[in-house]
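Let me begin by presenting the structure, written as structure tokens, before commenting on it.
The values are calculated or read from the model by the stated rules, or taken from the named source; none is laboratory data. Small disclaimer: the values here were computed from a predicted structure and weren't measured. Reconstructed Cβ throughout: ideal geometry from the backbone, glycine too, with neighbour counts over all protein chains shown. Protein only, heavy atoms only, side chains kept; ligands, DNA and RNA dropped before computing areas. Shrake-Rupley method; radii C 1.70, N 1.55, O 1.52, S 1.80 Å.
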Amino acid sequence: MSPTRIPAAALLGIAAFALAACSPEPLPRIAIMTKLEDGSLVGSSEVNAARMAIEERGLAGRAIVEAYDDGWAPEKALAAWERLRADGVRFIVTSHVSTCAVALAERSAGEDVLVMIAGSATDALSGRDDENLRIIMDVRGEQAEAASWVLSRGYTSVLVARDTDNWAYTEPALAAFQAALGPGGPSLRVATLSIGALDAASLRGEFAREPFELLYVLVGAHNSAAGGVAQLGRLVEPDCAILFTPWMKTPAIVETAGDALRGAFMPAYYPARGRDARVDGYIDGFRRRYGYTPTYISLNVYAAVNLLLDRFEEGVVSPAAVKASVVGRRVDTPFGPVDFDEYGDARRPLYVIDDIAGEF
């Protein structure tokens with residue numbers, strides 16, 4: 001009697017079943033919402049940061065990042081939201097400006113999603129039990145740190161150049177900065193501007209109305225035109241100090257600010273180059289892999305993606321469960337711990353950079 005033979009088709013079926021049984025389950029998809037127009041250093045930095053996090057952990061194929069262009073504009077952010085939700089994505093990392101974050105929070109309310117905020121500091125989302133988890137500080141914490149530094153330097157007169165385009169950030173930021181300076185602080189006046197339609201002659205005239213020792217360029221969103229505002233300040237007051245926001249830490253500021261970077265300062269979420277091996281390692285590794293220097297907001301995205309991947313690999317794969325595993329706790333990231341309060345808002349230190357050009 002001949003031995004029993006298993007048909008070839010059956011053997012293929014058994015092999016496919018065994019392979020499927022041994023293959024790890026795919027992890028939830030992650031959307032990166034950012035500005036993706038041609039030539040955008042911001043968007044490419046963040047998407048590549050997310051991909052680098054996945055590759056370094058050996059999760060290529062299991063974890064997938066999908067990029068959605070929101071143009072850092074509220075109407076485009078809402079359109080991108082509809083696309084990613086139609087695609088079934090439930091975990092989203094955003095780097096957009098505060099006006100976008102406010103619009104998206106209204107749209108995402110009550111949905112089975114988790115939005116990891118890596119770039120919006122508006123306090124309109126603070127203290128809310130919602131679908132957001134913010135890996136950076138809000139304007140209250142950020143501006144308290146900035147005001148503390150100003151007070152420590154002993155300036156007696158401060159001029160704030162506030163951008164009105166990104167009002168959801170700059171309005172509460174200005175209020176928080178004024179409150180943190182307190183009644184005994186330096187004299188303060190405000191000059192408003194539209195960073196997207198800058199009227200240099202008018203702004204220079206406003207600057208020249210009264211003398212000032214410190215120009216605080218209250219502009220965010222990596223808008224490198226802030227460098228031109230700094231140069232105007234130096235034309236009016238050649239010896240003034242200049243303070244930028246943390247959201248201007250981009251290579252483009254070196255070109256637009258030029259010599260105005262001498263005597264300029266910038267609060268930052270990460271220590272200066274050469275001070276932290278983890279930060280330097282990320283930037284050097286990114287340069288080797290992609291051939292250019294990333295924006296610093298990409299470090300927030302990289303940390304946010306790693307936080308999600310940590311949870312996914314532990315089997316925590318629903319938006320509500322991921323947030324519950326983080327709120328009210330100190331959570332490790334590749335660049336050190338982040339303290340989250342009961343609402344998912346973060347508290348982190350800021351470092352003041354005094355050699356901005358040297359960062360790039």
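Assorted remarks:
- Top-ranked residue of the stretch 217-234 - restricted to ones that are without any contact (Cβ under 8 Å) to a residue 40 or more places away in the chain and open to solvent by 10 Å² or more (accessible area, probe 1.4 Å), ranked as farthest from Ala201 (Cα to Cα): Ser224
- Of all residues making up the stretch 329-358, the number that are among the acidic types (Asp, Glu), under 18 Å from Leu114 (Cβ atoms) and touching a helix residue (DSSP H, G or I) at 6+ places or on another chain (Cβ under 9 Å): 1
- Scanning the stretch 268-304 for residues that are touching a strand residue (DSSP E or B) at 6+ places or on another chain (Cβ under 6 Å) and either open to solvent by 10 Å² or more (accessible area, probe 1.4 Å) or part of a helix (DSSP H, G or I) (or both) yields Pro271, Ala272, Val301, Ala303, Ala304.
- Test for Val150: is it over 26 Å from Asn306 (Cα atoms), hydrophobic (A, V, I, L, M, F, W, C) and open to solvent by less than 40 Å² (accessible area, probe 1.4 Å): yes
- As a summary of the residue check, Thr170 satisfies the conditions (1) in contact with a Lys or Arg (Cβ under 8 Å, 6 or more places away or on another chain); (2) polar (S, T, N, Q); (3) surrounded by fewer than 23 Cβ atoms within 10 Å (Cβ to Cβ) except for the one numbered (3).
- Matching option when the condition is aromatic (Phe, Trp, Tyr), over 18 Å from Leu41 (Cα atoms) and under 20 Å from the mean Cα position of the chain (by Cα), among Tyr269, Tyr302, Tyr296, Tyr290: Tyr269
- Pairs with Cβ under 9 Å, 6+ apart, first in the stretch 69-87 and under 17 Å from Gly119 (Cβ atoms), second part of a helix (DSSP H, G or I) and polar (S, T, N, Q): Trp72/Thr99; Ala73/Thr99; Pro74/Thr99; Ala77/Thr99; Trp81/Ser108
- On the stretch given as the stretch 305-338, residues that are open to solvent by less than 60 Å² (accessible area, probe 1.4 Å) and either farther than 27 Å from Gly110 by Cβ or among the aromatic types (Phe, Trp, Tyr) (or both) total 6.
- The set of residues in the stretch 153-162 that are over 19 Å from Gly220 (Cα atoms) and within 27 Å of the chain's Cα centre (by Cα) is empty.
Okay, residues lined up against (1) modelled with pLDDT under 95; (2) under 30 Å from Arg51 (Cβ atoms):
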| position | (1), (2) |
| --- | --- |
| Tyr216 | no, no |
| Ala221 | yes, yes |
| Thr245 | no, yes |
| Arg289 | no, yes |
| Gly315 | no, yes |
| Ala324 | no, yes |
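- Among the residues of the stretch 315-360, the ones that are in a loop (DSSP other than H, G, I, E, B) and either among the hydrophobic types (A, V, I, L, M, F, W, C) or under 19 Å from the mean Cα position of the chain (by Cα) (or both) come to 15 in all.
- The residues on offer are Ala200, Ala191, Ala180, and the sole one that is surrounded by fewer than 23 Cβ atoms within 10 Å (Cβ to Cβ), over 19 Å from the mean Cα position of the chain (by Cα), of a type in the set (Gly, Ala, Ser) and within 21 Å of Arg140 (Cβ to Cβ) is Ala180.
- The lone exception for Asp354 - which of (1) free of Cβ contacts under 8 Å to residues at least 40 places away in the same chain; (2) open to solvent by 40 Å² or more (accessible area, probe 1.4 Å); (3) among the acidic types (Asp, Glu) it fails: (1)
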